[in-house]
Amino acid sequence: MFNRELKKGSVEFLVLSLLEARPRHGYEIGKLIEARSKGRIQFRIGSLYPVLCRLEDRDLLSGRWVEKAGRRRRRYYRLTVAGRRFLAAQRSAWDEFVLTINHIARSENA
Amino acid sequence: MPDWAKFVRQNLRLSHLRPEREAEIVEDLAEQLDEAYAEALQRGLSSQQAEAVAMQHVVDWEALAIELGRSERGRETVMATLLHQAEDRDVAKRGRFSLLTDFCQDVHYALRVMRKSPGFTLIIILTLALGIGANTSIFSIVNAVLLRSLPYYDASRLVKITFNNPGIGLRDVPYSVPELEDLKSRAGVFEEVSVVVSGSTNLTGARQQPERLELLEVSPNYFSMLGASPQIGRLFGSQDFALGFAEAAVISDGLWRRSYGGDPNILGKRLKLDGDPVTIVGVLPARFRHPGKTVARDVEVWVTAGFSADPYPKPARNVKVAREAIGRLKPGIDVTQAQARLTAMASELRTDFPNDYPPEAKWTIEIRPLQDALVGNVRPQLLVLMAAVVLVVLIASVNIANLLLARASGRQREMALRMALGAGRFRVVRQMLTESLVLSFIAGVAGVLTAKLTLSFIIHFLPASVPRLAEVGVDRTVLLFALLISIFTGIIFGLAPAFQTMKADMTAAIREGTQGSGSSAKTFRLRSLLIVSELALAVVLMVGAGLLLRTFWGLLQENPGFNPSRVVTASFWLPNPNDPKTDVYANFAERTSFIRDVIRRVATIPGIDRAAMTSDLPGARPAITAALVIEDRATDSSQGLTAEVIRVSPDYFMLMQCPLIRGRFFLESDESGKQEVAIIDETTARRYWSGVDPVGRRLRLDRNTGSQRGNLSLPWVIVVGIVKDMKQDGLDTDGVPHIFRPIYQEAGRAMSVVARTPLPASLLESQIRSEIQSVDPTLPVFNIRSMNDVMDVSIAPRRFSAELVGVFAAVAMLLSSIGIYGLLAYMVGQRSREIGIRVALGAQRSDILTLILGKGLLLVGAGIAIGLVLASAAAPFIATLLYGVHPFDVTVFVTVPLVLMLVAFLATYIPARRATMVDPIIALHES
């Protein structure tokens, strides 16, 4: 599995990007991360939940209780406008970062 | 199916979270764990295995709790915002009818806010509770004494009747039985009239020691006129009508319990009052009080008489029997109409009976509403107290407003967010006002409870001369007042932060939070305004207190004209039985011999240097006033010549250390049968014999009373001496002329023995009593106390007002100083960055000090200036309470600003000094 520090640093980015398409509930986000990383990145509920709270506190997410007949109500999270802007900024920063690192790391062999 | 919510709750220890937020977290986590469990079940695991899989999702509950706690602090403002936003949307959906529900929500929210900062809330509630409590206490006194109508049937129609001879300067002159009949039948304005004679009586036979009781002689209709009902038995009625005294007596609840242990078989028991047997026919309820002055305390026994037979002389128009009367006006007649009719009737009587009404006297009848007569003289004092305590609560409210403003700055972001998210500005303001009202309501309840508990304690300190104290209590009117004051203060201190919120710049608030310089400047201005008003009110209170205290201290320094220290007094009352044959003291010689015996015996008590007798102790109560006829002065120019007459024994002046100015003191030989003599005081000499030596001159004293000797021609009295003025009528009264007569030539029945001794009254009490009772064992001796105590009682009301207002002023000064300190500390905090820059650019510590101090002292100066203007406007209103002090007393008006300046300077200096300690580097980094 990946280094713990790497995981910690990127979890916010991951969560935000997964909410870009549509709102999701907490457990679903964790399952999606696991599925899309083919099991290489796993987040327990206990690790993911505080991240959601933190992001919500910074107004990057907003949570909402949704009730459906016959089941417990669930809390769905969605990106806020600020959250979208932040995600875009993070994404370009990440791309630039990866590019730069690659450039330095690979250029030695060039 | 495992209970995941219970599981989460058991493991996740959250603290410092609001209950709703905690519930939300628990539910969310439980739901997610449930999903994990369900998923595991779906994969084919057993229930136990699925549970274990789910539980694996949270390993370190403690770390989770810490993480969640950290993120919660920032979340709260936003949550509150969103919550209210949801509520606002609900309101919009439901429509306007839910004003009450809105209010309930606001109250609910207010309580939540209060719970978040318990220390802050407690300070506010305590401060306010004290202020409201004090107001409630004083108001309950004002309400019971001044506002509530007297506790009698249809009390507004009850009046006090007095007879005056304004032509010769006499008021409250006695009246006769025929004059009483005129009131009843000829005047046509009264439904009922009752005689009232207050005095003492000696109760013998009931207990071992003879006891002095407060007695009231009344007409048989007295109780029916007041609408009183008995607790046991009956009250006076037509069957008790008698020319002289009836056998029936009515006693007070106090006497019944004290002397008879509340014996239910009290009716029919006999008492001996001044040797006369009476039968108890009824007991009054505990709350009943006679609506008038008494000798020493509440009336304990009532008897009824026709005042037309022994011991009263045969009725005649010029034979006077009593001084006081009360009456009930006929329905439909008001006081003004009745007064007009009585004035006309008096004029008719003066014409009809010219021999009985010398024209120069201008005899007249005056009526006054009974309540007014009873409480009129304490009204100014009570009103001043009420005004003072209202000022205190105003100052406290302003202080609280300042505190709330300071806190409101911290909540600006919350308020701005709410407004941005759709809550109307008005809604937010309403919320803030509701918060203030909830605070003040809670404080009000606490205040009322405090008042209820401390009221009896406070009443204990009130001077006994305040009437109707027994009626003081917390009733519906007082509760209403407390409610109004709570609402009033809540609005006052709620307006400031609400006003500020209304004008707040929303965008700036959201962006800058609490550091926004724009809004903080506005806040500072508003708070400064509040501080200035607080200071101004404090100045008014302090000036008032200063004037009252100066008056009081002045009185304490006042030379009473004699030396009251180391003098012990004891009073007694010679019995006046109805049957003259049983009157031991009817014979003047008996009385004189009794007096001589008592003086001699008291003087022999070890520790007593000297003893004397007087009819009226200085400062105790006013003596009888007589009209003077001065020889060699034309009769019409004798009009308005009056003096108080006091009878004393020969050693009296020497004992009291009252200096002789001219002539001589009384001698033992100045007795009955010899030349009638008198000693006058300086005021009398100055007023009636100006430019002439009064010693050797003659005068006549007319006391307008029916003499039992039936003597109509008054003897000439020679002035033999002049003494220095004594404060006979109290430390705050002067300019009243006094004439002294030898007690061996003229003696009444009420007397006090005075003794010069270094010993305290408590030590001598039993000895004095036994010496007096060795002369007459049936004589009760009462009020054995030091002369200083007697004088103190005369100024007790002033002492009380001055001290209480002084306490209020000190509280006001303290509150204002705290207010200034708070404001300047806030300012220094806000401007620490600016100060840091200044210092970095080269400003000295002293420059910073001057900057802050300057700001502070400017505020103080403004407050004091406005306060002095207000105080000047208010000072004339308390002029009636001042003695020897001008309402614009320079000392007070200069001292108060100086003291306040000094205290405020200290309050300003502390934050100013702290400002100089600002480290520029730290200050600049914090942005």
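The values are calculated or read from the model by the stated rules, or taken from the named source; none is laboratory data. The model shown is predicted, which means the values in this text are computed figures rather than measured ones. Glycine also receives a Cβ, built like all others from the backbone with ideal geometry; neighbour counts cover every protein chain displayed. We work out accessible area using only protein heavy atoms, side chains counted, and drop any ligands, DNA or RNA first. Shrake-Rupley method; radii C 1.70, N 1.55, O 1.52, S 1.80 Å.
Please give the residues of the range A:25-65, grouped as numeric ranges, whose backbone N is less than 13 Å from a label point set 7 Å along the Cα-to-Cβ vector of B:Ala63.
Of the residues in the range A:25-65, A:43-51 have backbone N under 13 Å from the label point off B:Ala63.
Once amide H atoms are built 1.01 Å from N in the peptide plane, which residues 5 or more positions from A:Arg24, or in another chain, come under 5 Å H to H?
Under 5 Å from the amide H of A:Arg24 lie the amide H atoms of A:Tyr77, each far enough along the sequence or on another chain.
Relative to the longest principal axis of chain A, what angle (0 to 90°, nearest 10) does the C-alpha long axis of helix A:81-107 take?
30 degrees
How big is the Cα convex hull of the range B:680-824 in projection, averaged over all directions, in nm²? Let's see the in-between values first.
Numbers: hull surface 66.4 nm².
For the range B:680-824, averaging the hull's shadow over all directions gives 16.6 nm².
Assuming R0 = 25 Å, can you tell me the calculated FRET efficiency for the pair B:Gln239 and B:Ala316, based on Cβ-Cβ distance, to the nearest 0.05?
Numbers: r = 27 Å, r/R0 = 1.09.
Here the calculated transfer efficiency is 0.35.
Between B:Arg749 and B:Asn563, what is the FRET efficiency for a Förster distance of 35 Å, r being their Cβ-Cβ separation, to the nearest 0.05?
Working: r = 28 Å, r/R0 = 0.80.
Given R0 = 35 Å and the Cβ-Cβ separation, E is 0.80.
Does a label point 7 Å from the Cα of A:Phe13, set along Cα-to-beta-carbon, have any residues of the range A:72-110 with amide nitrogen under 13 Å, and which are they?
A:87-102
Need one value for B:24-34: mean number of C-beta atoms belonging to other chains within 10 Å of its residues' C-beta atoms. Kindly include the intermediate steps, with their values, before the conclusion.
Values: counts 3, 3, 0, 5, 12, 5, 1, 9, 12, 3, 4.
The mean count of partner-chain Cβ atoms within 10 Å per residue comes to 5.
Pick out, from B:Leu226, B:Met55, B:Thr450, the residue whose Cα sits farthest towards the positive end of the charge dipole of chain B, with +1 on the Cβ of Lys and Arg and -1 on the Cβ of Asp and Glu.
Among B:Leu226, B:Met55, B:Thr450, the one farthest towards the positive end of the dipole of chain B is B:Met55.
Can you give the Rg to Rh ratio of the range B:709-788, both from alpha-carbon atoms, with Rh computed by the Kirkwood formula? Could you put the intermediate results ahead of the total?
Working: Rg = 16.9 Å, Rh = 16.4 Å.
Radius of gyration over Kirkwood radius for the range B:709-788 works out to 1.03.
For the range B:199-260, just run the numbers: alpha carbon Rg, then divide by 2.2 N^0.38 Å, N being how many residues it has. Please list the in-between numbers first.
Numbers: Rg = 12.8 Å, N = 62, 2.2 N^0.38 = 10.6 Å.
Computed over Cα atoms of the range B:199-260, the ratio equals 1.22.
To the nearest 20 Debye, how big is the dipole of the range B:192-253 about its Cα centre, given +1 on the beta carbon of each Lys and Arg and -1 on that of each Asp and Glu? List each step's numbers first, then the result.
Numbers: 3 positive and 7 negative charges, 25 e Å.
For this selection, approximately 120 debye.
Helix A:26-36 against the longest principal axis of chain A: what's the angle in degrees, Cα atoms only, rounded to the nearest 10?
40 degrees
Share of Cα-Cα pairs in the range B:745-844 beyond 16 Å, in percent? Could you put the intermediate results ahead of the total?
Details: 3798 of 4950 pairs.
Taking all Cα-Cα pairs of the range B:745-844, the fraction more than 16 Å apart is 77 percent.
Based on the Cα gyration tensor of the range B:415-493, what are the three equivalent ellipsoid semi-axes, each the root of five times an eigenvalue, rounded to whole Å and given largest first? Could the numbers behind the result be given before it?
Numbers: eigenvalues 328, 20, 15 Å².
In descending order, the three semi-axes are 40, 10, 9 Å.
Given that compact globular proteins tend to follow 2.2 N^0.38 Å, what is the ratio of the alpha-carbon Rg of the range B:580-629 to that value?
On the way: Rg = 14.9 Å, N = 50, 2.2 N^0.38 = 9.7 Å.
Output field value: 1.53.
With equal scatterers on the alpha carbons only and no solvent term, can you work out the Debye log10 of I(q)/I(0) for chain A at 0.10, 0.21 1/Å?
Cα-only, vacuum Debye calculation for chain A: -0.35, -1.20.
Taking the convex hull of the alpha carbon atoms in the range B:184-306, what volume per residue do you get, in Å³? Could you put the intermediate results ahead of the total?
Working: hull volume 13.0 nm³, N = 123.
Taking the convex hull of the Cα positions in the range B:184-306, it is 106 Å³ per residue.
For the protein assembly as shown, what are Rg and Dmax over the alpha carbons, in angstrom?
My reading of the Cα-based Rg and Dmax gives 42.9, 149 Å.
Hey, rough spin-label estimate for B:Leu45 and B:Glu590, points 7 angstrom out along Cα→Cβ, what's it come to in nanometres?
11.7 nm
For B:Arg258 and B:Arg379, what is the calculated FRET efficiency with R₀ set at 22 Å and r taken between the beta-carbons, to the nearest 0.05? Could the numbers behind the result be given before it?
Details: r = 33 Å, r/R0 = 1.48.
Calculated transfer efficiency: 0.10.
Using only the heavy atoms of the protein chains and a 1.4 Å probe, how would B:Thr604, B:Thr642 rank by accessible area, largest first? List each step's numbers first, then the result.
Details: B:Thr604 95, B:Thr642 20 Å².
Ranking B:Thr604, B:Thr642 by accessible area, largest first, yields B:Thr604, B:Thr642.
Which value, in debye to the nearest 20, describes the size of the charge dipole of the range B:309-440 about its Cα centre when Lys and Arg Cβ atoms bear +1, Asp and Glu Cβ atoms bear -1, and nothing else is charged? Intermediate values should be presented prior to the final figure.
On the way: 18 positive and 11 negative charges, 181 e Å.
Roughly 860 debye, rounded to the nearest 20.
How would B:Asp263, B:Asp274, B:Asp579, B:Asp352 line up by accessible area, probe 1.4 Å, largest first?
Working: B:Asp263 40, B:Asp274 15, B:Asp579 60, B:Asp352 85 Å².
Largest accessible area first, the residues go B:Asp352, B:Asp579, B:Asp263, B:Asp274.
For chains A and B, what's the summed buried accessible area, probe 1.4 Å, to the nearest 100 square angstrom? Intermediate results must be reported in sequence, preceding the final value.
Values: alone 8140 and 42050 Å², together 47920 Å².
For chain A against chain B, roughly 2300 Å² becomes buried.
Just tell me which lysines come within less than 20 Å, Cα to Cα, of B:Lys522; anything on the same chain fewer than 8 places away is out.
The qualifying lysines are B:Lys503, B:Lys855.
For the range B:341-448, build the convex hull from the C-alpha positions and give me its volume per residue in Å³. Mind showing how you got there, number by number?
Values: hull volume 19.9 nm³, N = 108.
Spread over its residues, the Cα hull of the range B:341-448 gives 185 Å³ apiece.
For the protein assembly as shown, give the magnitude of the charge dipole about the Cα centre (Cβ charges: +1 Lys/Arg, -1 Asp/Glu; no others), in debye to the nearest 20. All intermediate terms of the calculation are to be shown ahead of the outcome.
Numbers: 121 positive and 103 negative charges, 795 e Å.
For the protein assembly as shown, the charge dipole is close to 3820 debye.
Given labels modelled 7 Å from the Cα in the Cβ direction, how far is it in nm from B:Ile333 to B:Ala470?
3.0 nm
Based on alpha-carbon positions alone, could you give the equivalent ellipsoid semi-axes of the range B:235-288 from the gyration tensor, as √(5λ), descending, whole Å? Write down the numbers at each step before the final one.
On the way: eigenvalues 78, 36, 17 Å².
They are 20, 13, 9 Å, listed largest first.
Once ligands and nucleic acids are excluded and a 1.4 Å probe is used, how much of B:Leu130 is accessible, expressed in Å² to the nearest 10?
About 130 Å², ignoring ligands and nucleic acids.
Starting from the range B:111-206, pick out the chymotrypsin sites (Phe, Trp or Tyr not before Pro) whose DSSP state is loop and whose Cβ has at most 14 other Cβ atoms within 10 Å.
Numbers: sites: B:Phe120, B:Phe139, B:Tyr152, B:Tyr153, B:Phe163, B:Tyr175, B:Phe190; in loops: B:Tyr152, B:Tyr153.
Here the chymotrypsin sites (Phe, Trp or Tyr not before Pro) that fit, given the DSSP loop and packing criteria, are B:Tyr153.
Which is farthest toward the positive dipole end of the protein assembly as shown among B:Trp4, B:Gly282, B:Ile772, measuring Cα position about the Cα centre, with Cβ charges +1 (Lys, Arg) and -1 (Asp, Glu)?
My answer, from the dipole projection, is B:Trp4.
Take the eigenvalues of the Cα gyration tensor for the range B:276-409, scale each by 5, and report the square roots as semi-axes in whole Å, largest first.
Values: eigenvalues 485, 126, 36 Å².
Taking √(5λ) for each Cα gyration eigenvalue gives 49, 25, 13 Å.
At 15 Å minimum axial length over the Cα atoms and a Kyte-Doolittle cut of 0.5, report the qualifying DSSP H helices in chain B, or say none. Walk me through the intermediate numbers first.
Values: long enough: B:19-42 (34 Å, -0.70); B:61-94 (43 Å, -0.66); B:99-116 (26 Å, 0.01); B:118-142 (35 Å, 1.82); B:335-352 (25 Å, -0.28); B:379-410 (47 Å, 1.69); B:425-461 (51 Å, 1.16); B:476-502 (37 Å, 1.72); B:517-557 (58 Å, 1.11); B:588-603 (23 Å, 0.01); B:761-775 (21 Å, 0.06); B:787-830 (62 Å, 1.05); B:845-874 (43 Å, 1.65); B:890-916 (38 Å, 1.60).
Span-like helices here: B:118-142, B:379-410, B:425-461, B:476-502, B:517-557, B:787-830, B:845-874, B:890-916.
Would you compute, from DSSP H runs of 4+ residues alone, the mean residue ellipticity of the protein assembly as shown at 222 nm, taking -39500 (n - 2.57) per run and dividing by the full residue count, rounded to the nearest 500?
For the protein assembly as shown, the value works out to -17500 deg cm²/dmol.
Over all distinct Cα pairs, what is the inverse of the mean 1/r for the range B:540-625, reported as the Kirkwood hydrodynamic radius in Å?
Numbers: mean 1/r = 0.0585 Å⁻¹.
Final number for the Kirkwood radius of the range B:540-625 is 17.1 Å.
Can you give me the long-range amide H partners of B:Phe562? Hydrogens built in the peptide plane at 1.01 Å from N, cutoff under 5 Å, separation of 5 or more residues or another chain.
B:Lys727
Write down the accessible area per residue of the protein assembly as shown in Å², having rolled a 1.4 Å probe over the full set of protein chains.
Working: 47920 Å² over 1037 residues.
Result: 46 Å² per residue.
How much accessible surface area, in Å² rounded to 10, belongs to the heavy atoms of B:Arg566 with a 1.4 Å probe?
150 Å²
Where the Cα atoms of the range B:160-207 are projected onto their three principal axes, how long is each span, largest first, in whole Å?
47, 30, 18
Any idea of B:Lys6's accessible area? Nearest 10 Å², probe 1.4 Å.
The accessible area comes out at roughly 110 Å².
Name the residue from B:Ser465, B:Thr101, B:Pro291 whose Cα lies farthest towards the positive end of the charge dipole of the protein assembly as shown, charges +1 on Cβ of Lys and Arg and -1 on Cβ of Asp and Glu.
Checking the options against the dipole of the protein assembly as shown, the answer is B:Thr101.
Any idea what the alpha-carbon Rg over 2.2 N^0.38 Å comes to for the range B:761-809? Intermediate values should be presented prior to the final figure.
On the way: Rg = 17.0 Å, N = 49, 2.2 N^0.38 = 9.7 Å.
Here the answer is 1.76, to two decimals.
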